[in-house]
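Novice: First the structure, then my questions, so here it is.
Here, each number is a calculation from the coordinates, and none is a lab measurement. Fair warning: this is a prediction, and the values are worked out from it, not measured in the lab. Because the Cβ atoms are built from the backbone with ideal geometry, glycine has one as well, and the counts that use them run over all protein chains shown.
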Amino acid sequence: MLIDAIISLGGLIVPPVFDFIKKKFIKSGKDTPEATMSTLATTKPDALAPYVTAMSEYIKAQVLFFNRDVVGTLPEWVSALRAVIRPSVVVIGLFHILLHGIFGERVVLDAGIRYFYEANISSWCGAKLTKD
């Protein structure tokens, strides 16, 4: 029972704490593309257009690199299936743990599977707490 509590609390608390530490102690840089465009617009307006063109090409290259394993257009059902995997594992895990709690030994739930469910459920809920 202690391991269950540690796994659940760890998954629930670690993502918000990590997000807080990251926001508090790791300062984001002030040198953003928007800040650079603003500076160029006021100091060197003639350099703004080439900078915007270069940034758009850079972003296109990043997108192409990120999607390098995707050939063609991703079908909508594949995208929907990818989006439903984690929430469905959470719902199935909750249901399986509930059945085990109600029916006891008649519904077999191995400790490893229970830990897996608890870690998934708590980390999913913890990740939802960190959304801005």
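Novice: Can you tally the net charge around GLY10? Count Lys and Arg as +1, Asp and Glu as -1, for every other residue whose Cβ sits under 14 Å from the Cβ of GLY10.
Specialist: Net of charged neighbours comes to -2.
Novice: I've got another one for you. Helix-derived [θ] at 222 nm for the chain: sum -39500 (n - 2.57) over DSSP H runs of at least 4, divide by residue count, nearest 500?
Specialist: -26500 deg cm²/dmol
Novice: Moving to a separate point now. Quote the FRET efficiency, to the nearest 0.05, computed for ILE113 versus PHE20 with a Förster distance R0 of 25 Å and r equal to the Cβ-Cβ distance.
Specialist: 0.20
Novice: Roughly how many whole Å is it from the C-alpha centroid of the stretch 1-80 to that of the stretch 88-105?
Specialist: Their Cα centres are 36 Å away from one another.
Novice: Another one. Mind checking the angle between helix 111-129 and the chain's longest principal axis? C-alpha axes, 0 to 90 degrees, to the nearest 10.
Specialist: With both axes taken from Cα atoms, the answer is about 40 degrees.
Novice: Using Cα atoms only, what is the angle between the long axis of helix 48-66 and the major principal axis of the chain, expressed in degrees (0 to 90) to the nearest 10?
Specialist: Tilt relative to the chain: about 30 degrees.
Novice: For the stretch 1-70, which trypsin sites (Lys or Arg not before Pro) pass both filters: DSSP loop (anything but H, G, I, E, B) and at most 14 other C-beta atoms within 10 Å?
Specialist: Loop-located and lightly packed - LYS27, LYS30, ARG68.
Novice: OK, next. Once R0 is set to 25 Å, what does the formula 1/(1 + (r/R0)^6) return for the Cβ-Cβ distance between SER28 and THR130, expressed as a FRET efficiency to the nearest 0.05?
Specialist: Calculated transfer efficiency: 0.95.
Novice: Could you name the aspartates and glutamates whose alpha carbon sits less than 18 Å from that of LYS24, not counting residues in the same chain fewer than 8 places away?
Specialist: Within the straight-line limit of under 18 Å, LYS24 reaches these aspartates and glutamates: ASP132.
Novice: Taking the simple approach of a point 7 Å from Cα along Cα-to-Cβ for both MET37 and VAL89, what is their distance in nm?
Specialist: 3.7
Novice: Quick check on the stretch 2-129: what are the equivalent-ellipsoid semi-axes from the Cα gyration tensor, as sqrt(5λ), descending, whole Å?
Specialist: Sorted largest first and rounded, they come to 46, 22, 9 Å.
Novice: Sticking with this structure for a sec: Mean projection of the alpha-carbon convex hull of the stretch 1-70 over all orientations, in nm²?
Specialist: 8.3
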